[in-house]
Each structure stands twice: as C-alpha cells, then as structure tokens.
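Visitor: Just passing along the structure, written as structure tokens.
The values are calculated or read from the model by the stated rules, or taken from the named source; none is laboratory data. This is a predicted model, so every value here is computed, not measured. Here the Cβ positions follow ideal geometry from the backbone for every residue, glycine too, while neighbour counts run over all protein chains shown. For the accessible areas, the whole protein counts, side chains as well, though only heavy atoms, and no ligand, DNA or RNA atoms are used. Shrake-Rupley method; radii C 1.70, N 1.55, O 1.52, S 1.80 Å.
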Amino acid sequence: MDSLKNGAPDKWRLVKAHGTAVGLPSDDDMGNSEVGHNALGAGRIFSQGAKLVDQALASGKIYEGDGFNYIKESFENATLHLIGLLSDGGVHSRLDQLQLLLKGASERGAKRICVHILTDGRDVLDGSSVGFVETLENDLSQLREKGIDARIASGGGRMYVTMDRYENDWDVVKRGWDAQVLGEAPYKFKSALEAVKTLRAEPNANDQYLPPFVIVDDSGNAVGPVLDGDAVATINFRADRMVMLAKALEYADFDKFDRVGVPKIRYAGMLQYGGELKLPSRYLVSPPEIERTSGEYLVKNGIRTFACSETVKFGHVTFFWNGNRSGYFDETKEEYVEIPSDSGITFNVAPKMKALEIAEKARDAILSGKFDQVRVNLPNGDMVGHTGDIEATVVACKAADEAVKIILDAVEQVGGIYLVTADHGNAEDMVKRNKSGKPLLDKSGGIQILTSHTLQPVPVAIGGPGLHPGVKFRTDIQTPGLANVAATVMNLHGFEALQTTSQPSLKWLRTKCWPFAMSKFCCCSS
C-alpha cells in the first residue's frame, strides 16, 4: 500500500467512508461494509440503516406501516418481544432508537414488553454494557410506573449469542433461540444488571462473548419466553447479523437446528434483512430502493464481470454492490465465486483467512482473458481487526498486502488497470483515543484496545500499464467519498457521466475518451 501511495501520489487520495458520505445520519456514525458497498456500487448516496430508522421514528411513519400494525395485533392480549444489540455504536443498532420504540409501542397499546439484549464490546468499548443496561433498566422502570409490564428477559454477548452471519455457526443462533424464545440458558439471574456484572467478572470475559442468560422470577421461572400469540421485533437495522435469526423466527421448514418449540408469533424486522430472500416478510422501516447501479449498467453494456470473496464478504461484492439485489444481471456475462470462510474459530486464530485463495482466483480470472472487470474483497483487516488482537491483525494486513501484490502482478501482465480502495476503516487504528489523539488507558494502566470500525478516510489508488499516462484524480471535489468511486470505475471503462444541472446522474455515455476502454480492471476492497 505504501508503494501505491509513494509511487504515484497524483493517483492516490483519501475519501470519506463514513457518516453522511455513505448515507448515515451524521459524521459521528461509523461506516460499515453494507453501506460502503452500496455506495461503491451505486455511485450515489442513499439514506441507510440508522438514518432510515431515524427518519421513520421522527416522522412517526414507523407506527403507520404494515409491519408495526401487524405486530400491534398482539398488544392487547400478549407480549411484545424486542430482540437486538444493546449499544450506541450505530453500526447494528442504537440505544436511543430502542428507547423511542419502547415509548412509541407503549403509547400505542403495548401492555407487556420483554427486551432481549445482546451486549456489544465490538463497536463500542468493552465494559460499556453495564452502563447501557443501567440506562435501559431505568427506562423500563419508568414504564412500569405507568402500568406497563416492561422488563429485560434474556441476554448474551453478540459474538456468542444470536448475531452470527453468513451461516458460519448456527450454534450461535441456537443459543439465542434457547434463551430468547424458550427461556432456557445455562445462567439464570434476577436482573440483567446482576447478570452482566457477574458474567463479566469471570476470567477473560468480555462483552462480545458473554454466555446466554435468562432473567427468572422468585420461583425460578423465566420471565419472558416467547409464547403463542406474542409479537417479536428484531431491533437491529443492519442486516447481516439478523438474517439467520430471522430465518429461525419465520421459516416453517427451518432445519438448521432443533427449535424444540415454535410458537405462533407475529414477527417483523426493523428493516428487511434479506432483500433477495424477502426476509423478513414484514418490517417496520422500508429499505432504500437502489436502482441503476454501475454493475448493472456495465453488464448490460457488454462488460464481462467476475466477483469473488470468501463467505464473510461475498455478499458485499455481489448483493450489496448491486444495490441489495441478488443473483446475476446477465449470467452469460458474470461469474461470482464464493470461497468458504473458516468456521468454528475466531478470525485471529487464522488471520490470513482466505486472502491467498481470493488472490489466486482473481489472478486466474484476470489472466483468462474472459473478463473486463474483476472485483474482489479481502476481509482480513476488518474481520481480524474486530478481534482486538494486534499481533494477529498485523499478520492479517500482511496477508492482504501479499494478496494485492498477486492481483496487481496479474494486472501488469495483461496491460490492465487497477483500483484499490476500502469500504471503511478498522485495522489502521487499534487503540481507543481521547480527543487529542492520545491512547486511553484502563484502570490498570493498559491501553484500551479498539475493536470497532473507525471514522478515518480510506485510500483510493489507481494505476497499471493500461492507464493513460495523463490520467490523475480530480482535485475539484471538495469532500470525495465512496460514492465517487463508481464514476471513477466507469471512466476507466471508457464511459463518462452525463451531468444534470444539480448533480451527476448515473446515466453513462460510452465514449472513446480513453484508449483502454475494454482493458482489464480490478477493484480490490481491502
């Protein structure tokens, strides 16, 4: 990466990958892989995730839609269960949105509410779970004073309970199912605050991996299992770690684990988590409609495309890149390759992940002469960075670097063009810092490790023998972001944007402005 920057500084720059640049509410909001790839592929900024939910809550539309009206049918005689990440990290959920939803549901007839919490420690500082639980318990206490039976019913750490993704480990979802739906868990407590404090006191414990627990009454019975007639809403707005639970809640023919008991419920997601699966079938906030993506336009204009990653990021270079759309635009011109990710281990155990395999697939695709665009995602810096293991993250970044080198060598061989970028920051900074940039220390004097994404910009580098020697980045875009990358890609393919009076429109005109109109092109997100 240093060689790309130092070798051609006019073909390297930093762009925003968080906040308003990718459709999130404010520049205090970290970017993530889903919104990043939406912006990279679409070339435009759409209201995303948290911002969609914020708008729906602020306007009250969330309470007028089919999803809320559906679960509302259970309010009179049954329980409303809210399941999701208890955090203010803004990546998967936000505490203030849960607070507003609790208020809105109680004002609209909910008489009994059970909250099933998942502690974070990944997108926020480890140990912050205690404060979040205290805040939520205070809110629920105020609801009880108004005659509403509102309480926390179960919990567990996000990486050990419920929030698996890409079907990597269904046991994670089963632990959540047992606690949340069946009311069964290895640990039982009278309160969530007692649960979190006690479990965190165990050796090597952290918020991400707290074991599942249930809250019980004086007789030892779980206070909030899901029963026939109840309503369930999953409160996360980000899709990837809710899809598996959504399948368990909604699919009649579900077979990934023994659910034991399957109550007849009314279920809605905060958003629709799987656009290609139409899952869940009901949701509180409608997803953004992303049409006219760069991928669709290129394929329909004859650009042959290859996309590859390992399981944990495969959906990002396909589904999210293509505007939350599954499948091929034209299977005669596209090939998507998924390399299975390691399962049953944390990513720092094998930090090289599948970088070499991805690079080899990309190299082979480039050298084959069959494709005009090859795009891959190397997940190492993100996935291993989340573990907080700095030594393993160094290994991960080296592996990604080696993979990029393999791919760029292939681009060199065919006289092609490359573009290297990232969908958000993570591994470039592994410590929590104060406002002056100095590392924060814990009570014992050790550095506080940062496991979340960052708010820092990401690099974009272009080059390769197929790049016209006069090409360089524009300098007249005041605050470039990931949404500008699609236009760059289109330009490198020999297209140019048709301008409107106000903003670029994703309508493209094939021109002869570059001699490399059909050159091989590799977009590597590392």
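Visitor: Among (1) part of a loop (DSSP other than H, G, I, E, B); (2) over 30 Å from Glu496 (Cβ atoms); (3) open to solvent by less than 10 Å² (accessible area, probe 1.4 Å), which single condition is Ala246 missing?
Guide: (1)
Visitor: Residues of segment 16-72 being crowded, with 24+ Cβ neighbours inside 10 Å and among the acidic types (Asp, Glu), which ones?
Guide: Asp29
Visitor: Could you check how many residues of segment 384-427 are touching a Gly at 6+ places or on another chain (Cβ under 8 Å), of a type outside the set (Ser, Thr, Tyr) and over 22 Å from Gly464 (Cβ atoms)?
Guide: 6
Visitor: Looking only at segment 359-373, count every residue that is in contact with a helix residue (DSSP H, G or I) (Cβ under 6 Å, 6 or more places away or on another chain) and in a helix (DSSP H, G or I) and tell me the total.
Guide: Step one: of segment 359-373, the residues in contact with a helix residue (DSSP H, G or I) (Cβ under 6 Å, 6 or more places away or on another chain) are 359, 362-363, 366-367, 371.
Imposing the further condition that a residue be in a helix (DSSP H, G or I) reduces the set to 359, 362-363, 366-367.
Matching residues across segment 359-373 total 5.
Visitor: Is segment 108-122 home to any residue that is open to solvent by 10 Å² or more (accessible area, probe 1.4 Å) and among the acidic types (Asp, Glu)?
Guide: Among the residues of segment 108-122, not one is open to solvent by 10 Å² or more (accessible area, probe 1.4 Å) and among the acidic types (Asp, Glu), which makes the answer no.
Visitor: Also, I was wondering about something else. Yes or no: Val312 more than 30 Å from Tyr70 (Cβ to Cβ), in a helix (DSSP H, G or I) and modelled with pLDDT under 95? Give the steps one after another, and end with the answer.
Guide: Working: more than 30 Å from Tyr70 (Cβ to Cβ): yes; in a helix (DSSP H, G or I): yes; modelled with pLDDT under 95: yes.
Yes.
Visitor: When the residues of segment 297-328 are filtered to those that are buried (at least 19 other Cβ atoms within 10 Å of the Cβ) and without any contact (Cβ under 8 Å) to a residue 40 or more places away in the chain, which remaining residue is farthest from Leu249 (Cα to Cα)?
Guide: Val299
Visitor: State which residue pairs qualify: first residue on the phi < 0 side of the Ramachandran plot and inside segment 245-262, second residue basic (Lys, Arg) and in a helix (DSSP H, G or I) in any location, beta carbons under 7 Å apart, and separation of 6 or more residues or different chains.
Guide: Every condition considered, the pairs that remain are Phe254/Lys247; Phe257/Lys174.
Visitor: With respect to Gly67, determine if the residue is of a type in the set (Gly, Ala, Ser) and either touching a helix residue (DSSP H, G or I) at 6+ places or on another chain (Cβ under 6 Å) or in a loop (DSSP other than H, G, I, E, B) (or both). Outline the logic, then answer.
Guide: Numbers: of a type in the set (Gly, Ala, Ser): yes; either touching a helix residue (DSSP H, G or I) at 6+ places or on another chain (Cβ under 6 Å) or in a loop (DSSP other than H, G, I, E, B) (or both): no.
For Gly67, the condition - of a type in the set (Gly, Ala, Ser) and either touching a helix residue (DSSP H, G or I) at 6+ places or on another chain (Cβ under 6 Å) or in a loop (DSSP other than H, G, I, E, B) (or both) - is not met.
Visitor: Limited to segment 123-147, what total is found for residues that are open to solvent by 20 Å² or more (accessible area, probe 1.4 Å) and without any contact (Cβ under 8 Å) to a residue 60 or more places away in the chain?
Guide: 13
Visitor: Conditions first: (1) touching a Leu at 6+ places or on another chain (Cβ under 8 Å); (2) open to solvent by 10 Å² or more (accessible area, probe 1.4 Å). Arg94 passes all but one, so which condition is the exception?
Guide: Every condition holds for Arg94 apart from (1).
Visitor: Could you tell me whether segment 159-172 includes any residue that is closer than 19 Å to Asn236 by Cα and part of a helix (DSSP H, G or I)?
Guide: yes
Visitor: Moving to a separate point now. Identify all residues within segment 402-436 that are more than 27 Å from the chain's Cα centre (by Cα), crowded, with 22+ Cβ neighbours inside 10 Å and in a loop (DSSP other than H, G, I, E, B); write none if there are none.
Guide: The one that is more than 27 Å from the chain's Cα centre (by Cα), crowded, with 22+ Cβ neighbours inside 10 Å and in a loop (DSSP other than H, G, I, E, B): Gly416.
Visitor: Step by step: first the residues of segment 24-39, then only those that are in a loop (DSSP other than H, G, I, E, B) and of a type in the set (A, V, I, L, M, F, W, C), then the one that is nearest to Ala486 (Cα to Cα). Which residue is that? Spell out how you get there, then give the answer.
Guide: The first filter runs over segment 24-39 and keeps only residues in a loop (DSSP other than H, G, I, E, B), leaving 24-32.
Narrowing further to those that are of a type in the set (A, V, I, L, M, F, W, C): 24, 30.
Details: Leu24: 19, Met30: 21 Å.
If we take residues in segment 24-39 being in a loop (DSSP other than H, G, I, E, B) and of a type in the set (A, V, I, L, M, F, W, C), then Leu24 is nearest to Ala486 (Cα to Cα).
Visitor: Out of Val223, Val232, I need the residue that is buried (at least 23 other Cβ atoms within 10 Å of the Cβ), modelled with pLDDT of 95 or more and not charged (D, E, K, R). Which one?
Guide: Numbers: Val223 fails: buried (at least 23 other Cβ atoms within 10 Å of the Cβ).
It is Val232.
Visitor: Can Ala50 be described as modelled with pLDDT of 90 or more and either touching a Lys or Arg at 6+ places or on another chain (Cβ under 6 Å) or of a type in the set (A, V, I, L, M) (or both)? If you could, list the steps in order and put the result at the bottom.
Guide: Details: modelled with pLDDT of 90 or more: no; either touching a Lys or Arg at 6+ places or on another chain (Cβ under 6 Å) or of a type in the set (A, V, I, L, M) (or both): yes.
No: the conditions fail for Ala50.
Visitor: Something else about it: May I ask you to verify whether Lys256 is farther than 18 Å from Ser154 by Cβ and either open to solvent by less than 10 Å² (accessible area, probe 1.4 Å) or of a type in the set (D, E, K, R) (or both)? Let's see the steps before the verdict.
Guide: Numbers: farther than 18 Å from Ser154 by Cβ: yes; either open to solvent by less than 10 Å² (accessible area, probe 1.4 Å) or of a type in the set (D, E, K, R) (or both): yes.
Yes: the conditions hold for Lys256.
Visitor: Quick check on Val395: is it of a type in the set (Val, Ile, Thr) and crowded, with 21+ Cβ neighbours inside 10 Å? It would help to see each step written out before you state the result.
Guide: Numbers: of a type in the set (Val, Ile, Thr): yes; crowded, with 21+ Cβ neighbours inside 10 Å: no.
The answer is no for Val395.
Visitor: Let me ask something else. If a residue has to be farther than 20 Å from Gly90 by Cα and part of a loop (DSSP other than H, G, I, E, B) to count, how many in segment 449-478 make the cut? Break it down into steps so the answer makes sense when it comes.
Guide: Let us first name the residues in segment 449-478 that are farther than 20 Å from Gly90 by Cα, namely 459-478.
Add one more test, that the residue is part of a loop (DSSP other than H, G, I, E, B), and what stays is 464-478.
Here the count works out to 15.
Visitor: Which condition number in (1) part of a helix (DSSP H, G or I); (2) more than 30 Å from Val35 (Cα to Cα) is the one that Lys264 fails?
Guide: Of everything listed in (1) part of a helix (DSSP H, G or I); (2) more than 30 Å from Val35 (Cα to Cα), Lys264 misses just condition (1).
Visitor: Hey, another quick one. Exactly one of (1) within 21 Å of the chain's Cα centre (by Cα); (2) open to solvent by 10 Å² or more (accessible area, probe 1.4 Å); (3) among the aliphatic types (A, V, I, L, M) is unmet by Val173. Its number?
Guide: Here Val173 clears every test but (2).
Visitor: Now for a different question. May I ask you to verify whether Glu194 is open to solvent by 30 Å² or more (accessible area, probe 1.4 Å) and farther than 29 Å from Gln48 by Cα?
Guide: Numbers: open to solvent by 30 Å² or more (accessible area, probe 1.4 Å): yes; farther than 29 Å from Gln48 by Cα: yes.
Against the criterion (open to solvent by 30 Å² or more (accessible area, probe 1.4 Å) and farther than 29 Å from Gln48 by Cα), Glu194 qualifies.
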